[in-house]
């Protein structure tokens, strides 16, 4: 994770897409030149001279050719900018997803899924809309500049007066648009709250169905307040936006009256005044579209600021190569302490394991895990078991202390490779339907089929093209699917967090008496969090986590734990 300053949308485009953007500017300059050429042709052929003397098939042909050229240059300039915009959005989206993958788990837990989903959906959508509208803004600015140069050539005094009028119009429009930006920023902030409400409603659907008082409170006190705040802000933002557009529209029409009034006062030829008036009418649509597009650019900047505030890992296109050690003998944890803080918190663990704001969850933990061990870990809720599991697997980094594999220190440089030694099934396991074999290869289908039967899932799930047919099963069966996925991965170490707690008594016995020996026969080192005291005899070593401290039980203590584990946890 890196600390970074906020970068504007325009600066990012210029820094990373300079050459394509310059090509877009060039095409828009050509388009503006053709537009000015049409205005000049109309002025020279149809206004400055008697029409019937100059109107001919040749002049009509030339005018038609200019119109066709304008059509072509407009399309090319808009297409080039639209293509550039969507390329930028594509790269932003793909980089954002890769950054989320590369960001450490505690930071992702701290951000929360609602905030991340809001950025992946509404923020990316806002930036996409801005790039769709960007051609209108760029063309409006360039075309206005080109037309102003031509009108200045016709009559500089009249142009200066009209410029003052237009600058005043744009200045007031800008004041209105600033209010739009203010409200858009507030709208983006409330979007995070709305996504959190959506998440609670969808993920808590069973609990809400059982408690309508909770459902009513969530709906009326949380969701409706957030939705009403969004409604009020979006109405104000749209009102200021429409006011800016209407003000610009009316003032552009009024500019025509100013042209004729000033022309009469300055004795400017009527042909020039007419050309100015027609040009203003011609420019009205591009200018209004440019004014209308500007708020979308501001919305995109708000969205980009929000994405940058996530403080995700720096972007790297490549995935870390799987170079995990294959001949390791032991993993050692030395004087491990771990403390959650406001910027490094696993929300679920905070609920179950954080005993006090300033206390270490783990204190002076020392452990050596030897290859081939079958280790059981017991402990009361909140004792630090799950945190220890995440430190062992490299998902969490200890606050103090060190982790070694054999004699090699695990740090930020090799932690990714170290994690590749592990398969883990946590209590909140996510199931992927795609089966992957050792080092990312295709899975051993003979092994998969064998374990599909061992896990008693052959009548529930089939595997086609290395994909599971379904994951819509009971919680216990989903845990068995997770076991199948882990076995297919063929990792050295398998960590199971309360895996057997979701199994029925019959299959729990199968797990301890049959599956553990078979997993060990596959060469796996097993670290199992368990409270099934009836099966402690199947562990090579039995560990106890108590108030953040780790104790290895001796033979006598193991016997006591096997008889009455509850007394050991107190």
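The values are calculated or read from the model by the stated rules, or taken from the named source; none is laboratory data. Bear in mind that the values here come from a model prediction, so they are computed numbers and not experimental data. Neighbour counts are summed over all protein chains in view; Cβ atoms, including those assigned to glycine, are modelled from backbone coordinates with ideal geometry.
A count restricted to the stretch 440-454 and to residues that are surrounded by fewer than 17 Cβ atoms within 10 Å (Cβ to Cβ), in a loop (DSSP other than H, G, I, E, B) and over 29 Å from the mean Cα position of the chain (by Cα) stands at 2. Take the conditions (1) over 21 Å from residue 507 (Cβ atoms); (2) surrounded by 19 or more Cβ atoms within 10 Å (Cβ to Cβ); (3) touching a helix residue (DSSP H, G or I) at 6+ places or on another chain (Cβ under 7 Å); residue 437 misses just one of them, which is (2).
Scanning the stretch 492-512 for residues that are in contact with a helix residue (DSSP H, G or I) (Cβ under 7 Å, 6 or more places away or on another chain) and farther than 18 Å from residue 475 by Cβ turns up 494, 495, 512.
For the stretch 427-438, the criterion of being modelled with pLDDT under 90 and either assigned by TED's automatic domain parsing to the domain that holds residue 369 or in a strand (DSSP E or B) (or both) is met by at least one residue. The number of residues in the stretch 511-521 being under 17 Å from residue 453 (Cα atoms) and touching a residue at least 24 places away in the same chain (Cβ under 8 Å) comes to 7.
Consider residue 506 carefully, then state whether it is buried (at least 20 other Cβ atoms within 10 Å of the Cβ) and farther than 22 Å from residue 430 by Cα. No: the conditions fail for residue 506. Within the stretch 523-539, being surrounded by 13 or more Cβ atoms within 10 Å (Cβ to Cβ) and in a loop (DSSP other than H, G, I, E, B) holds for 524, 530, 531, 532, 539.
Would you confirm whether any residue within the stretch 146-155 is at pLDDT below 85, surrounded by 20 or more Cβ atoms within 10 Å (Cβ to Cβ) and not in a helix (DSSP H, G or I)? Yes. Out of 393, 387, 368, 400, one residue alone is without any contact (Cβ under 8 Å) to a residue 40 or more places away in the chain and in contact with a strand residue (DSSP E or B) (Cβ under 7 Å, 6 or more places away or on another chain). It is 368. Exactly one residue among 542, 515, 473, 519 is outside any helix (DSSP H, G or I) and modelled with pLDDT of 90 or more, and that residue is 542.
Listed by first and then second residue, the pairs linking a residue in the stretch 215-237 that is assigned by TED's automatic domain parsing to the domain that holds residue 195 to a residue that is exposed (fewer than 13 other Cβ atoms within 10 Å of the Cβ), with Cβ atoms under 8 Å apart and 6 or more places separating them unless they lie on different chains, are 215/209. Scanning the stretch 324-346 for residues that are loosely packed, with under 13 Cβ neighbours inside 10 Å and under 33 Å from the mean Cα position of the chain (by Cα), we see that the one that is modelled with the lowest pLDDT is 343.
Looking across 296, 274, one residue alone is buried (at least 16 other Cβ atoms within 10 Å of the Cβ), more than 21 Å from residue 130 (Cα to Cα) and modelled with pLDDT under 85. It is 274.
Consider the stretch 83-98 and keep the residues that are touching a helix residue (DSSP H, G or I) at 6+ places or on another chain (Cβ under 6 Å) and free of Cβ contacts under 8 Å to residues at least 60 places away in the same chain. The one that is surrounded by the most Cβ atoms within 10 Å (Cβ to Cβ) is 85.
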